[in-house]
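The structure under discussion appears below in the form of structure tokens.
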Amino acid sequence: MLSNDHAVARSGTFTLGDRTVHRMGYGAMQLAGPNVFGPPKDRAAAEAVLREAMALGIDHIDTSDFYGPHITNRIIRDALAPYPDRLTIVTKLGAKRDEEGAWLPWNDPEALEKGLRDNLEHLGLDAMDVVNVRIMGSGEGGVEPTGESVARFVEPVARLQERGLVRHIGISTVTRAQVEEARSICPIVCVQNAYNLAHRDDDALIDWLAEDGIAYVPYFPLGGFSPLQSQTLEEVARDCDASPMQMALAWLLQRAPNIVLIPGTSSVEHLRQNVAAANLDLPAEAIAKLNGIGA
């Protein structure tokens, strides 16, 4: 059984602009109700997860006001405000939810400012540490980059940064060309895309970002595995006395020094298990087998 003692510290650190965070963070999406919509069944339990994250040493929370909507940010504020100085809170703009919970683009300049102000109000902040501009892509959930110009989405957020409402800007669901375009508009401190052991289209992007000191924050760290891939992951995990999720997270930590993790959960025990993955030393044989999953 892996221990989570000192695991967050052992995950190492990376910088988001002038903020230094541990590479093992926490994603707050699952604190909302089913399908990230409506309130959680047990609000006290949701707040307990956030407090345990702080107790474990996590100093980076990823959220958005379209989780719920509004629910997750209010839970974060109620559980953690006034926030410790060491805590970096990152949000996303560019989408909203309809009355049935569908994810819709919401990214004209007025919507981006309204979305930012909603985040600030519900979190109880005067400015966001980091804002990721979500480019609503193609595919299920809009997670596949479209390749379109990002200027009309990034420029309004850069103006909000000039007004002091945003400290740093990231970009999400994008290609390298879109990152390059965004960087021509303003400094970009992180990129948030779908990536895991089985889906590694961003391998080259991750390495390019690492060269320039830009963080890569993968979402869907465990998903879309074929039965054969899942079997391989389970076998390697069993050999290392770890869970498949822990193996997937540990592999991501060793994949590149600029990868910053935000695994989400609504369970204190699951949170502890995720964090413990940072204490997992992957032997060369295990890494080779895991690399083969996405080959």
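The values are calculated or read from the model by the stated rules, or taken from the named source; none is laboratory data. Here the structure is a predicted model, which means the values were calculated and not measured. Cβ sites come from the backbone with ideal geometry, for glycine too, and all protein chains shown count toward neighbours. The protein model used for the area step is the full one, side chains on, heavy atoms only, and it has no ligands, DNA or RNA in it. Shrake-Rupley method; radii C 1.70, N 1.55, O 1.52, S 1.80 Å.
Observations on the structure shown:
- Scanning the stretch 260-295 for residues that are out of contact with any Lys or Arg (no Cβ under 7 Å at 6 or more places or on another chain), closer than 30 Å to Val130 by Cβ and aliphatic (A, V, I, L, M) yields Ile262, Val268, Leu271, Val275, Ala276, Ala277, Leu280, Leu282, Leu290.
- Wholly within the stretch 9-96, strands (runs of 3 or more DSSP E) carrying at least 2 residues that are surrounded by fewer than 23 Cβ atoms within 10 Å (Cβ to Cβ): 13-16, 19-22
For (1) open to solvent by 10 Å² or more (accessible area, probe 1.4 Å); (2) hydrophobic (A, V, I, L, M, F, W, C); (3) assigned to a helix (DSSP H, G or I); (4) in contact (Cβ under 8 Å) with a residue 24 or more places away in the chain, each residue gets a yes or a no:
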| residue | (1), (2), (3), (4) |
| --- | --- |
| Leu197 | no, yes, no, yes |
| Arg200 | yes, no, no, yes |
| Leu205 | yes, yes, yes, yes |
| Gln229 | yes, no, yes, yes |
| Glu234 | yes, no, yes, no |
| Ala237 | no, yes, yes, no |
| Ala248 | no, yes, yes, yes |
| Gln254 | yes, no, yes, yes |
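- Scanning the stretch 107-128 for residues that are of a type in the set (A, V, I, L, M, F, W, C) and either under 21 Å from Pro34 (Cα atoms) or modelled with pLDDT under 95 (or both) yields no hits at all.
- Any hit, the stretch 160-171, residues being open to solvent by 50 Å² or more (accessible area, probe 1.4 Å), hydrophobic (A, V, I, L, M, F, W, C) and part of a helix (DSSP H, G or I): no
- With respect to the stated conditions, Glu99 fails to be crowded, with 17+ Cβ neighbours inside 10 Å and more than 19 Å from Ile169 (Cα to Cα).
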